Amino acid sequence: MVSLDNITVAFGGFTLIDNISIMINSRDRIGLVGKNGAGKSTLLKILMRLQNPTSGIVSCPADISTGYLPQQMPYYDHLTVFDEVMKAFDVLQNIEKQIEKLTADLAKYNDYNSPEYLKTIEKLNEANDLYNIHGGENREANIEQTLLGLGFKRTDFYRKTNEFSGGWRMRIELAKILLRHPDLILLDEPTNHLDIESIQWLEDYLKVFDGALILISHDRAFLNNVTTRTIEISLGKIYDYKAPYSQFVQLRKERREQQIAAYRNQQKLIEDTQDFINKFRYKPTKSNQVQSRIKQLEKIDIIEIDEEDNSALHIKFPSAPRSGQVVFEAKNLTKQFGNNVVFKDVNFKIERGDRIAFVGRNGEGKTTMARIITEELDYEQGEAKLGYNVNRGYFAQNQDNIMDDNATVFETLDRIAVGDIRTKLRDILGAFLFRGDDVDKKVKVLSGGERSRLAMAKLLMEPYNFLILDEPTNHMDMRSKDILKDALLKYNGTLLVVSHDREFLDNLVDKIYEFRCRKVKEYLGGVYYFLQQRKIENLSDIEKKNNLAISKKNKELSGKNEYLKQKENEKILRKIQTSIAKIEKQIEETEAKIADWDKKLSNPDIYNLNINDNSIFEQYNSLKSKHAKQMHEWEKFNYELELIMNN
């Protein structure tokens, strides 16, 4: 479908990407991974023709449609959310105009057997078919479903886009891309602006998306759930595996170990051969054997070992001084901005040694609560009490508003360092990959990842016993996240993390506080326990809603006719619920079969063995199509259920 041939990108004397070639097929699910600065975003820009390579060719058919979500992009302010997302259907609107014109043309004809009339009828039928193919009948329902899935409330649909933060506006652009159904979707760190529930919705959407996908993400769980092929960019080269990320890591490790073993064996052979040559070079009786060994050496192709980028953070948090048993307590806490109540009458307690995550949809108050705990924000009612001998260290989500842009990297630490640690500032900065002239860079020129590393380095300036980290992994690559997580696992103080990264939170925290509908609910368990409970609760909510709807009808209905209407509605309700249960079982069976195929096709031996067997891929694609139809049926039944309950 799309190919990159011998692509090189160089800046001055530095080569970022060195002579790489990639073929992107029509149904590929590619995870593009590598360290920050490796060239991942550059590669997407080259695919979008926003940047030209230094050398090489990009081949893309003219009829391929592409959707691209960069990390930063311009926004438009004059429309509502719904109207802005409606732009995704520009093609449909053009078809509608064509249908209107053709319909008007038909009215002019009196001779219904004339060639002109029949030709116009044919064009109108083609336009109507095209209209249906692009989902014209379901356009508004699809917009609503997509916006709700990405975390918007119905009350948000008709608000102006300029009322939303950058993260929410990025969701609007993502919604437009998904609704266009392009042949190829390119997503650069989409989960940075999504909460856990929206990430899971996007996962489910991308699993059934029938085009090609290239995804840059440092969210390991998201990559594993969505992608089936991994391309790593490292030191200008690429490593391409038909496997999701976690499997790729293992395969890459095994490949390198095999290379090292083969290299050592070859070096031993070369050494032994050279020793023989040196020993018998001047002995006439061995001259033929010596010449044979010399020719043998000349023919050897030296085994090359894949280069490995071993630069990484080195983090170890200072030992935490002992605090009182209660670290922080909220009693009947209420916070609002103007008329917007963020949370109301919230009660919870954080005790020494707790490892807690704040989770929930964006805008529900997670960061607000973190800022109240750090005393950066005041509150309207209740009590926010810090415990005895508590020393807080705070990593803020928005570093732009906290650091002095005109200070250098070194000055940023030097201003807060006290005592003997001042003599170790360069060592600390080196551990966070600021070396040589990097320490003299102004903060304003740092990338998002560099700012995050500098903010994390500030936390090592003194021994805090209560760490509050708000989205610490947003700009970190995989290896840096793993190193940070390992350091936090060894940290012996109290930990509070605001995050949507499931893999990062897994085993790191043992208590979840969910911010939802102006309340805070406690879950005693890890992040996957919380997600499981939320699914159970959602099902319970549906059951309660059904019962409430029926109860409401019972009170409102009177007389024989109303009683019969109630019975009919209950009958329809039961029928729809039965249909939902049935289709959910079918979906579960189909997903199990797809997962089994994914496992088979991710095995290089099986994949290469069957690569020319079209029936294999026909069966796999048939399952995918079946799953998409089942999901459509499930959505239809749930929409009917909602209509019944709301009437």
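Using alpha carbon centroids, what distance separates the stretch 215-230 and the stretch 76-128, in Å?
40 Å
Quickly work out the residue 54-to-residue 482 label distance, labels modelled 7 Å from Cα along the C-beta direction, and quote it in nm with one decimal.
Inter-label distance under the simple model: 3.0 nm.
Students sometimes get this wrong: rank 511, 253 by accessible area, probe 1.4 Å, all chains present, largest first.
Details: 511 30, 253 115 Å².
From most accessible down to least: 253, 511.
With every protein chain present, what accessible area does residue 591 have (1.4 Å probe, heavy atoms only), rounded to the nearest 10 Å²?
About 90 Å², rounded to the nearest 10.
What figure, in Å² to the nearest 10, do you get for the accessible area of residue 337 with a 1.4 Å probe and non-protein molecules left out?
The value for residue 337 is about 100 Å².
Roll a 1.4 angstrom probe over the protein heavy atoms and tell me the percent of accessible area of the chain that is carbon or sulfur.
48 percent
Which FRET efficiency, nearest 0.05, do residue 6 and residue 274 yield, Cβ-Cβ r, R0 41 Å?
Here the calculated transfer efficiency is 0.70.
Could the peptides 412-425, 285-298, 465-478, 429-442 be put in order, highest first, of the mean number of other beta-carbon atoms found within 10 Å of their residues?
On the way: 412-425: 13.8, 285-298: 12.3, 465-478: 22.1, 429-442: 15.6.
Going by the mean number of other Cβ atoms within 10 Å, highest first, we get 465-478, 429-442, 412-425, 285-298.
Given a Förster radius of 35 Å and the C-beta distance between residue 625 and residue 162 as r, what FRET efficiency does 1/(1 + (r/R0)^6) yield to the nearest 0.05? All intermediate terms of the calculation are to be shown ahead of the outcome.
On the way: r = 41 Å, r/R0 = 1.16.
That pair, residue 625 with residue 162, gives E of 0.30.
Note down the magnitude of the dipole of the stretch 351-403 about its Cα centre, charges +1 on Lys and Arg C-beta and -1 on Asp and Glu C-beta and zero elsewhere, to the nearest 20 debye.
So the magnitude is around 260 debye.
Quick one: length gained pulling residue 422 to residue 389 fully straight, 0.36 nm per residue minus the C-alpha distance?
Extending this stretch completely gives an extra 9.5 nm.
Just to verify a number: FRET efficiency for residue 337 and residue 441, C-beta to C-beta distance, R0 = 41 Å, to 0.05? Walk me through the numbers before you get to the answer.
Working: r = 36 Å, r/R0 = 0.87.
Efficiency for this residue pair is about 0.70.
Using the Cα gyration tensor of the chain, with a ≥ b ≥ c the square roots of its eigenvalues, what is the shape: rounded (a/c below 1.5), prolate (a/b larger than b/c) or oblate (neither)?
Because a/c hits 1.5 or more and a/b fails to exceed b/c, the chain counts as oblate.
Among the lysines, select those whose C-alpha is under 18 Å from the C-alpha of residue 599, and discard any that sit fewer than 8 residues away in the same chain.
Answer for residue 599, where 18 Å is the Cα cut-off: 207, 242, 624, listed by chain and number.
Among DSSP beta bridges whose residues both lie in the chain, state the antiparallel percentage, nearest 5.
Values: 36 of 71 bridges.
Looking only at bridges with both residues in the chain, the antiparallel portion is about 50 percent.
Between residue 112 and residue 535, what length in nm is gained on full extension when 0.36 nm per residue of separation is reduced by their alpha carbon distance?
On the way: separation 423, 0.36 × 423 = 152.28 nm, distance 5.87 nm.
Length difference between fully extended and current span is 146.4 nm.
If amide H atoms are built 1.01 Å from N in the plane of the peptide, which residues on other chains or at least 5 residues away come under 5 Å of the amide H of residue 67?
184, 185, 186
Could you order peptides 15-25, 121-131 by the average number of other Cβ atoms within 10 Å of their residues, highest first? Numbers along the way, then the final one.
Details: 15-25: 16.3, 121-131: 14.7.
Descending mean neighbour count gives 15-25, 121-131.
Among the lysines in the stretch 31-106, how many pairs, 8 or more places apart or on different chains, have alpha carbons under 25 Å apart?
4
When Lys and Arg each count +1 and Asp and Glu each count -1, what net charge do the other residues less than 13 Å away from residue 271, Cβ to Cβ, add up to?
+2
Using +1 at the C-beta of Lys and Arg and -1 at the C-beta of Asp and Glu, which of 509, 110, 305 has the Cα lying farthest in the positive direction of the dipole of the chain?
The residue sitting most towards the positive pole is 509.
For the stretch 364-497, what number of Lys pairs, 8 or more residues apart or on separate chains, have alpha-carbon atoms under 19 Å from each other?
Lysine pairs satisfying the spacing and distance rule in the stretch 364-497 number 10.
How big is the charge dipole of the stretch 156-311 about its Cα centre, in debye rounded to the nearest 20, if each Lys and Arg gets +1 on its Cβ and each Asp and Glu gets -1 on its Cβ?
In debye, rounded to 20, the stretch 156-311 gives about 1000.
Among residues other than residue 388 whose Cβ falls under 11 Å from its Cβ, what is the net charge (Lys/Arg +1, Asp/Glu -1)?
+3
Report the accessible area of residue 377, computed with a 1.4 Å probe over the heavy atoms of all protein chains in place, in Å² rounded to the nearest 10.
Near enough 40 Å² of accessible area.
Using a 1.4 angstrom probe, figure out how much accessible area the chain has per residue, in square angstrom, rounded to the nearest whole.
54 Å²
Can you pull the one-decimal nm distance between simple spin-label points at residue 345 and residue 302, each 7 Å off the Cα toward Cβ?
7.6 nm
The values are calculated or read from the model by the stated rules, or taken from the named source; none is laboratory data. Note that this is a predicted model, so its numbers are computed, not measured. Heads up, the Cβs are rebuilt from the backbone with ideal geometry, glycines too, and the neighbour counts pull from every protein chain shown. The area values use the complete protein model at the heavy-atom level, side chains included, leaving out ligands, DNA and RNA. Shrake-Rupley method; radii C 1.70, N 1.55, O 1.52, S 1.80 Å.
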